[in-house]
């Protein structure tokens with residue numbers, strides 16, 4: 001088993017990392033950090049919001065104690081992730097701080113896994129998880145861009161309140177502006193796709209608990225047919241990893257909210273661009289903790305398989 005740590009483990013994303021890492025076949029939590037001065041993880045968690053119960057063994061784990069393991073999932077706003085990578089750790093960073101750094105890959109495992117091989121001038125690795133709203137529209141757009149070339153893109157996101165953190169509340173109204181969100185959502189797709197096309201994006205906050213929805217209109221260099229788009233979506237590859245969904249894209253008129261799949265619906269012609277559709281992803285799981293864990297699984301898959309094989313042979 002590969003020992004891992006979660007930095008900022010008591011927040012929204014940190015709690016979901018802890019929940020997902022419980023009884024994981026590759027990884028074992030040995031280190032948890034928090035700003036809290038409480039002695040154990042259970043005492044520090046004010047409100048457990050993750051999707052599954054907390055195991056007693058992790059509830060009793062001491063906070064901020066012990067040696068930092070090789071692999072770290074960082075959700076803490078004040079952590080120096082670059083310094084940790086320079087010290088030899090692998091850091092999956094949930095923050096936006098290093099996403100624009102040309103030396104730091106921004107990875108969606110099904111879209112640009114080759115970016116994990118990008119060389120970095122320090123002993124460890126620093127990998128940035130993209131903005132949590134991107135997975136909803138970038139995963140279905142990636143194969144279309146590969147085959148037909150995106151020329152122009154317009155997106156409006158309706159983002160759940162959980163994307164604003166553990167203590168954010170929103171009821172009976174929508175917020176038409178999320179500070180810094182549009183800038184990140186316009187630049188990060190171009191880095192991930194290694195592309196250069198204009199993006200017009202509007203990001204809004206809506207009063208639902210989980211789920212970021214994207215309303216997309218897109219023009220292509222070589223416009224595809226309706227059937228060609230559906231064929232690429234139906235045949236979307238799935239990763240053979242513990243956290244990967246059985247089907248990456250769900251084509252469903254009801255837009256179900258799945259932990260790791262992206263639901264896509266309403267593919268139809270656009271009167272201004274070529275095609276438009278609506279997509280929905282779980283912002284805390286696929287967009288944050290689950291996406292970061294899937295990236296780590298991809299990065300460590302061969303090493304983990306070797307460790308599991310050797311332990312079974314003992």
Taking only the stretch 264-288 into account, find how many residues are farther than 15 Å from residue 138 by Cβ and under 15 Å from the mean Cα position of the chain (by Cα).
2
Somewhere in the stretch 18-25, is a residue touching a residue at least 12 places away in the same chain (Cβ under 8 Å) and over 21 Å from residue 287 (Cα atoms)?
yes
If residue 36 satisfies all but one of (1) farther than 23 Å from residue 163 by Cβ; (2) free of Cβ contacts under 8 Å to residues at least 40 places away in the same chain; (3) in contact with a helix residue (DSSP H, G or I) (Cβ under 8 Å, 6 or more places away or on another chain), what's the number of the condition it fails?
(1)
So how many residues does the stretch 224-245 have that are in contact with a helix residue (DSSP H, G or I) (Cβ under 7 Å, 6 or more places away or on another chain) and surrounded by fewer than 16 Cβ atoms within 10 Å (Cβ to Cβ)?
1
Subset of the stretch 48-61 (residues that are in contact (Cβ under 8 Å) with a residue 24 or more places away in the chain and over 25 Å from the mean Cα position of the chain (by Cα)):
61
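Residue-wise test of (1) under 20 Å from residue 75 (Cα atoms); (2) modelled with pLDDT under 95; (3) surrounded by fewer than 19 Cβ atoms within 10 Å (Cβ to Cβ).
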{"site": "273", "(1), (2), (3)": "no, no, yes"}
{"site": "279", "(1), (2), (3)": "no, no, no"}
{"site": "283", "(1), (2), (3)": "yes, no, no"}
{"site": "288", "(1), (2), (3)": "yes, no, no"}
{"site": "295", "(1), (2), (3)": "yes, no, no"}
{"site": "313", "(1), (2), (3)": "no, yes, yes"}
When the stretch 164-187 is examined, which residues are found to be at pLDDT 95 or above and either part of a helix (DSSP H, G or I) or under 21 Å from residue 50 (Cα atoms) (or both)?
181, 182, 183, 184, 185, 186, 187
Against the condition closer than 27 Å to residue 269 by Cα, at pLDDT 95 or above and either assigned by TED's automatic domain parsing to the domain that holds residue 109 or surrounded by fewer than 18 Cβ atoms within 10 Å (Cβ to Cβ) (or both), how does residue 200 come out, does it pass?
yes
The stretch 146-157 - residue that is part of a helix (DSSP H, G or I) and touching a residue at least 60 places away in the same chain (Cβ under 8 Å) and, of those, surrounded by the most Cβ atoms within 10 Å (Cβ to Cβ):
148
Strands (runs of 3 or more DSSP E) lying entirely in the stretch 207-314 (those with 2 or more residues that are within 30 Å of residue 161 (Cβ to Cβ), assigned by TED's automatic domain parsing to the domain that holds residue 173 and touching a residue at least 60 places away in the same chain (Cβ under 8 Å))
212-220, 262-269, 275-281
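The values are calculated or read from the model by the stated rules, or taken from the named source; none is laboratory data. A quick note: this is a predicted structure, and the numbers were derived from the prediction, not measured. FYI the Cβ positions are ideal-geometry reconstructions off the backbone, even for glycines, and counts take in every protein chain you see.
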